[in-house]
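Take a look at the structure below.
The values are calculated or read from the model by the stated rules, or taken from the named source; none is laboratory data. Model, not experiment: these values are computed from the prediction. When we count neighbours, we look across all protein chains shown, and the Cβ atoms used for this are built from the backbone with ideal geometry, even at glycine.
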Amino acid sequence: MLAAAIAGAWVGTHRPQAATLSALSREPLPGVDRTPVASPPPARLLFADHAVRHTFTPALTAASAIVVDAGTGRVIWSLHPHERRRIASLTKIMTALIALRSLAPHDVVTVDKSAPRVPLVREGLRAGERVQAWKLFYSMLLYSGNDDALALAIAAGGDKWAFVREMNDEAVLLGLHDTHFISPSGVVDRDNYSSAWDVAALTRVALRNERFRAIVRTKIERVSWAAPTYAKVYVNNNLMLGRYPGADGVKTGYTHKSGPCLAVSATRHGRTLVAVLLDAPNMYVDATRLLNFGFAHS
């Protein structure tokens, strides 16, 4: 199960292309203002005033965890919620939130010749490819392609570091005091960190975006591709989809230093909960127990 969460699945009609860093740029659209528009943050994304005191027996395997009501922001239960930890590909939630503001689904991203040397995992984008943005979003959020994250970051921000600055500015704007980013993918652990509290708050904001919600609840997406690839299949790494009643998102993450990480959403009877587990060796069992507890006390 963990192997599936780490590796995901990507199938092409041809052999995967050798991967090696990508400088990518979006096709210019004359007359279209692509200046990112930041949404004003809510006064309070999460509050723990009415959190439930509870001790799980046996204990969760997660080093830190939280379950919140996505509608109200109420923290139902938490464990070391402000402990700063590596979050691996949960970073891509912020990347998606910002890039979705700048890139329309059919905007075209051109893969630069300096492409794909970003570390694994990557889907194998190639220099000179012209790819519609929606395909990159699906690959980034389902398969968790690090090359897709970089492609979207450069297309939306102009260059990687400008986009990373936007990520950190957004974190400040949203009041994510335990968060700092160093890449759009999270593949680099050094100085890339957050907390269960901040990831839950960020996820609550991201779920307000209709395109984000539609992507992260998708179990499998089959897409056409230019020759010589022709087609790809993106399989969602989030195994809670289809296994937990009502699960409808969000994102998995893993590096050797972060351990298994998961942000998961589930909806029942019109109420949506978000659970976040960081460094959780048995993250799917933990997530099931945490969501069950949340729905029982929401």
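Just a few scattered comments:
- With respect to the conditions (1) closer than 20 Å to LEU262 by Cβ; (2) modelled with pLDDT of 95 or more, GLN132 lacks only one, and its number is (1).
- When the residues of the range 122-149 are filtered to those that are of a type in the set (S, T, N, Q) and within 13 Å of LYS232 (Cβ to Cβ), the one that is surrounded by the fewest Cβ atoms within 10 Å (Cβ to Cβ) is GLN132.
- Leading residue by the ranking (surrounded by the most Cβ atoms within 10 Å (Cβ to Cβ)) among those in the range 51-79 that are among the hydrophobic types (A, V, I, L, M, F, W, C) and out of contact with any helix residue (DSSP H, G or I) (no Cβ under 7 Å at 6 or more places or on another chain): VAL75
- Within the range 78-123, the set of residues being under 20 Å from LYS251 (Cα atoms), among the hydrophobic types (A, V, I, L, M, F, W, C), outside any helix (DSSP H, G or I) and at pLDDT 95 or above comprises LEU79, ILE87.
- Test result for ALA149, over 25 Å from ARG213 (Cβ atoms) and in contact with a Lys or Arg (Cβ under 6 Å, 6 or more places away or on another chain): no
- Of the listed requirements (1) under 20 Å from VAL285 (Cα atoms); (2) surrounded by fewer than 24 Cβ atoms within 10 Å (Cβ to Cβ), HIS82 misses just one: (1).
- Qualifying residue in the range 166-175 (condition: in contact with a strand residue (DSSP E or B) (Cβ under 8 Å, 6 or more places away or on another chain) and more than 21 Å from ASP107 (Cα to Cα)): yes
- When each of PRO260, PRO245, PRO184, PRO228 is tested for being in contact (Cβ under 8 Å) with a residue 60 or more places away in the chain, farther than 28 Å from ASN168 by Cα and not hydroxyl-bearing (Ser, Thr, Tyr), the lone residue that passes is PRO228.
- Of the numbered criteria (1) under 15 Å from ARG84 (Cβ atoms); (2) at pLDDT 95 or above, the one ARG190 fails is (2).
- Residue satisfying all of: in the range 192-241; assigned to a loop (DSSP other than H, G, I, E, B) and aromatic (Phe, Trp, Tyr); farthest from LYS135 (Cα to Cα) among these: TYR230
- Qualifying position, being surrounded by fewer than 24 Cβ atoms within 10 Å (Cβ to Cβ) and touching a residue at least 12 places away in the same chain (Cβ under 8 Å), among LEU173, LEU152: LEU173
- Pick from the range 248-257, criterion touching a residue at least 40 places away in the same chain (Cβ under 8 Å) and in a loop (DSSP other than H, G, I, E, B), ranking: surrounded by the most Cβ atoms within 10 Å (Cβ to Cβ): TYR254
- Number of the condition not met by GLY31 [criteria: (1) modelled with pLDDT of 55 or more; (2) farther than 25 Å from MET140 by Cβ]: (1)
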